[in-house]
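What follows is a short report on a single structure.
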Amino acid sequence: MVGLLVGGAAAQKFELVEPKDALSDYANVVTPAAAEKVKTLSDDLRRITSVNFKVLVIRQLEGGIEAKTYAEQIYKRWDVGRSEGGLEHGVLLFISVLDRRVKLVVGRQVLYVLPAKAQEEIEWSVLAELSRGRFSQGVEIGSAAVADTVLAGWETYRRPGRGRLDWQKISVPVFSLFLVSALLPIVFGGSFIMGFSIFIGGLFGLVLLDYIGMVLAAAFGFFLNWRREGK
């Protein structure tokens, strides 16, 4: 497939290659042993985390296209993130051998375990191997680093789109919520159930919709019990 990118004074034409397997080696620089390791890493990632990991190695970029642009186009073309399922659980490692270009494209829901800093470190580790002419080793090292980083963080972030709770950050609003849930029943002559509803409702609101959710849910719990108790 030939892609066309229009921008600036001229259009850039470039070829979007088709995927072969977990590794698509169009530069013919990866050894069979390294290719097998990439496949194993890709299979493990998909089985354990549902992350779809692909590696593309080409000989050289053509048509003046930037590595970032080309890699992003490939990510979309191959549907690495499996966007049709609404997952965005994809990682593409792109390497252009003669250009010495390396780019990671990471799906939205994988950024929690593979943030920008980790991506940069992996890209530099691959570039170090490319600069020594160790192309196959670069592919193997980069793939292993991606897999290790994702697997190490996946237990913490196994619920896509959510990170760890920052207890230091939420301790003040939770304590404030506790005080409000204790004081309002006293001020308005409510029962223990009223205070309990305010506190639990506020906690659910905080988890689901942040601070605004906490306030709205706590208020709902208060008014619901206030009316029920005939205040």
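Numbers for the structure displayed
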quantity	calculated
Estimated distance in nm for a label pair at Thr40 and Phe223, the labels positioned 7 Å out from Cα along Cα-to-Cβ	6.1
Viscosity 1.002 mPa s, temperature 20 °C, Stokes-Einstein D of region 2-154 from Kirkwood C-alpha radius, µm²/s	139
Separation in nanometres of the label points that stand 7 Å from Cα toward Cβ, at Leu179 and Val207	2.5
Relative exposure of Ile48, Ile95, judged by other C-beta atoms within 10 Å (fewest first)	Ile48, Ile95
Three-way shape call for region 20-79 based on the alpha-carbon gyration tensor, with the a/c threshold at 1.5	oblate
Bridge type composition, region 42-134 - antiparallel percent by DSSP, nearest 5	45
Listed peptides 143-152, 22-31 by packing density, highest first (mean Cβ within 10 Å)	143-152, 22-31
Backbone HN-Hα couplings from phi across region 99-113 [Karplus 6.51/-1.76/1.60, Hz, Gly and Pro as x]	7, 6, 10, 9, 8, 9, 10, 10, x, 3, 8, 9, 4, 5, 9
Sorted by Cβ density within 10 Å, fewest first, the residues Glu36, Glu140	Glu36, Glu140
Sites Glu15 and Arg108 - FRET efficiency at Förster radius 45 Å, r taken between beta-carbons, to 0.05	0.95
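Coordinate-derived values only; no laboratory data. Since the model is a prediction, treat every value here as computed from it, not as a measurement. Backbone-built Cβ (ideal geometry, glycine too); neighbour counts: all protein chains shown.
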